[in-house]
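The values are calculated or read from the model by the stated rules, or taken from the named source; none is laboratory data. Everything quoted here is computed from the prediction, not taken from an experiment. Please note: Cβ atoms are built from the backbone with ideal geometry, for glycine as well, and neighbour counts cover all protein chains shown. Accessible surface areas use protein heavy atoms only, side chains included; no ligands, DNA or RNA. Shrake-Rupley method; radii C 1.70, N 1.55, O 1.52, S 1.80 Å.
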Amino acid sequence: MADTINLRELLLFYADSGVDDALTDAPVDKFLPVEAPARPATSQASQEPAARMDRPSSKTAAPAPTPARPQTTVPDEGQSERARLLARETGSLDELRACLEQFDGCNLKFTAKSLVFGDGNPEADIMLVGEAPGRDEDIEGLPFVGRSGQLLDRMLTAIELDRTQAYITNVIPWRPPGNRTPTPIETEICRPFIERQIELVKPKVLVALGGPSSKILLGTSDGIMRLRGSWKEHETPAGVKIPTMPLLHPAYLLRNPAHKKLAWRDLLEIKARLHQLRGDLPSTA
Ligand code: URA
């Protein structure tokens, strides 16, 4: 029993550390640049060469040939402007999703299994925006379906909401390899798409989940502890201002449960604002 618990803890530790693909005994460097043409990311796993488990038997053995790799990089230059022009042309969420499926200007696409687009009700008054999908989201192609997503669902339930009454998405629609932090240029390339997604959903209230999402949506370098606790504004490229509440990220709350009381306060603010918008309760904000 004790061994079972320890093994589970160990596997969770590995998963949290980004060690989540138990496919081979030898490491695979997913950052190696190659020059082959773009192709759908979903077929990558099947084309990924199996890592060699055997070692050369002597010092004179020929080195193993470097296997040809599928595309994993494109130049970043100009992609953010390209993304802006493409996103601007989309007139619906379906078009935006199709545009992202076609877009090959962000390197994260080549290591991810899925495009993780928004989920929930696009007619909702409230839109929640996380940073980037993790392993479970990448597998399912849906945002916030892993452990932090389960906590997010409970947080929504606490203010009498569920996914039929909220729209949930991420700034970055592809999982960064090993859950690493997206680079600033990756974020800039993805920014026009999340901005367009917000414009198309037209939420009355935005919730920025965690520091990175808050910084991007609010255009600030302040940390989440400074930002949370009061309403801010996200301004769309067209100049529309949307009340935005920065909220502690559920993954952070899983690691720091003592801070759930801060999140609870902010959730009550969000609840009050939504009721106020519907005209059925005065805001406490
Ligand atoms: N964390 C995020 O920011 N987004 C997800 O979709 C899952 C975890």
Filtering segment 219-243 for residues that are touching a helix residue (DSSP H, G or I) at 6+ places or on another chain (Cβ under 9 Å), in a loop (DSSP other than H, G, I, E, B) and over 23 Å from Gly149 (Cβ atoms) leaves a count of 11
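For segment 172-194, enumerate the residues that are of a type in the set (A, V, I, L, M) and away from the ligand (no atom under 15 Å from the Cβ).
At the first step, the residues of segment 172-194 found to be of a type in the set (A, V, I, L, M) are 172, 185, 189, 194.
Answer for segment 172-194, where residues must be of a type in the set (A, V, I, L, M) and away from the ligand (no atom under 15 Å from the Cβ): Ile185, Ile189.
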Given the conditions (1) in contact with a Pro (Cβ under 7 Å, 6 or more places away or on another chain); (2) open to solvent by 30 Å² or more (accessible area, probe 1.4 Å); (3) away from the ligand (no atom under 16 Å from the Cβ), every one holds for Ile242 apart from (2)
Per the filter on segment 209-239, residues on the phi > 0 side of the Ramachandran plot and within 16 Å of the ligand (Cβ to nearest atom) are Gly210
Among residues of segment 125-144 being open to solvent by 10 Å² or more (accessible area, probe 1.4 Å) and more than 6 Å from the ligand (Cβ to nearest atom), the residue farthest from the chain's Cα centre (by Cα) is Asp125
Out of (1) open to solvent by 50 Å² or more (accessible area, probe 1.4 Å); (2) free of Cβ contacts under 8 Å to residues at least 40 places away in the same chain; (3) more than 16 Å from Leu152 (Cβ to Cβ), the one Leu218 does not meet is (1)
In segment 145-171, anything closer than 25 Å to Glu199 by Cα, near the ligand (Cβ under 10 Å from one of its atoms) and open to solvent by less than 10 Å² (accessible area, probe 1.4 Å) is listed as Gly149, Leu152, Ile168, Thr169, Asn170, Val171
